[in-house]
Amino acid sequence: MNQTQKFTKLTIFLIPIGIAVNVVGGQLAVLLKLPLFLDSIGTFVVGALCGWAPGLLVGLGCGLINAISLPTLLPYTIIGMLFGVLASFLARKGMFSAFWKAIINGVLVGFIGTCIAVPITATLYGGFVGTGASIIVTTLMAAGWDVLPATFVSELSSELLDKVICLIIIYFVLKAMPARFVVKLPNGKYFLKEKK
């Protein structure tokens, strides 16, 4: 079945819900200046359950909306879109089936996010984006670090913390969903074995 056939009414209904979950989490992190992002939970849930294209759309929608209040976040939209694709891949590989896998997912996703975010943050913004992670960059640069290593340490620490927490939350969200709901979704078959 190709991806265009997977846009069922339920999938279309879940896309704006995923975007809303991301936007609320992202805005909360920005307002509280947390060294976390909290803007990928909806992307991963929708991508895992509905496939890569719906997950990609959630990442895109979230990135565009978050950029309204903090335009410096716009270039990072590509990362959210990638996470939607990655969520579907992880679901197909059974990587949401156990708690320990949630931690591995968090580390893997955090590292991938860091590798993409560091060049954006260091090149476009000199290490300072306006989120809580900028505090780490400021501290390291004040201690004599160059912008690239300071940005890498800042991004890696905040990405790992954020993604491990998010992927643990996502594991429990997916685990709590009843089989009668999951079976209606395009990637539901990858979760049904876990629920038996």
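The values are calculated or read from the model by the stated rules, or taken from the named source; none is laboratory data. For clarity, every value in this text was computed on a predicted model and none was experimentally measured. Glycine also receives a Cβ, built like all others from the backbone with ideal geometry; neighbour counts cover every protein chain displayed. Side chains are part of the model used for accessible areas, which takes the heavy atoms of the whole protein and leaves out ligands, DNA and RNA. Shrake-Rupley method; radii C 1.70, N 1.55, O 1.52, S 1.80 Å.
Listed values, structure above:
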{"quantity": "Pairs from 101/175; 163/193; 9/163; 9/93 whose Cα-Cα separation, in the structure shown, is over 21 Å", "calculated": "163/193; 9/163; 9/93"}
{"quantity": "Cα shape, region 8-110, gyration tensor, a/c 1.5 rule", "calculated": "oblate"}
{"quantity": "At R0 = 41 Å, FRET efficiency that the Cβ-Cβ distance of residue 143 and residue 68 yields, to 0.05", "calculated": "0.75"}
{"quantity": "Overall dimensions of region 119-177 by Cα: Rg and Dmax, Å", "calculated": "14.5, 49"}
{"quantity": "Integer Hz, Karplus 6.51/-1.76/1.60 couplings in order for region 7-13, x for Gly and Pro", "calculated": "7, 6, 4, 5, 4, 4, 5"}
{"quantity": "Efficiency of FRET from Cβ geometry, residue 123 and residue 100, R₀ 30 Å, rounded to 0.05", "calculated": "0.25"}
{"quantity": "Nearest 10 degrees, 0 to 90: helix 41-50 Cα axis against the chain principal axis", "calculated": "30 degrees"}
{"quantity": "Accessible area per residue, Å², region 27-70 with all protein chains present, probe 1.4 Å", "calculated": "36 Å²"}
{"quantity": "³J(HN,Hα) computed for each position of region 178-183 - Karplus, 6.51 cos²θ - 1.76 cosθ + 1.60, integer Hz, glycine/proline x", "calculated": "x, 4, 5, 7, 4, 4"}
{"quantity": "Net dipole in debye of the chain [+1 Lys, Arg Cβ; -1 Asp, Glu Cβ; about Cα centre; nearest 20]", "calculated": "1180 debye"}
{"quantity": "The chain, helix-only ellipticity at 222 nm - DSSP H runs n ≥ 4, -39,500 (n - 2.57), divided by all residues, nearest 500", "calculated": "-24500 deg cm²/dmol"}
{"quantity": "For the chain, average projected area of the Cα convex hull in nm²", "calculated": "10.5 nm²"}
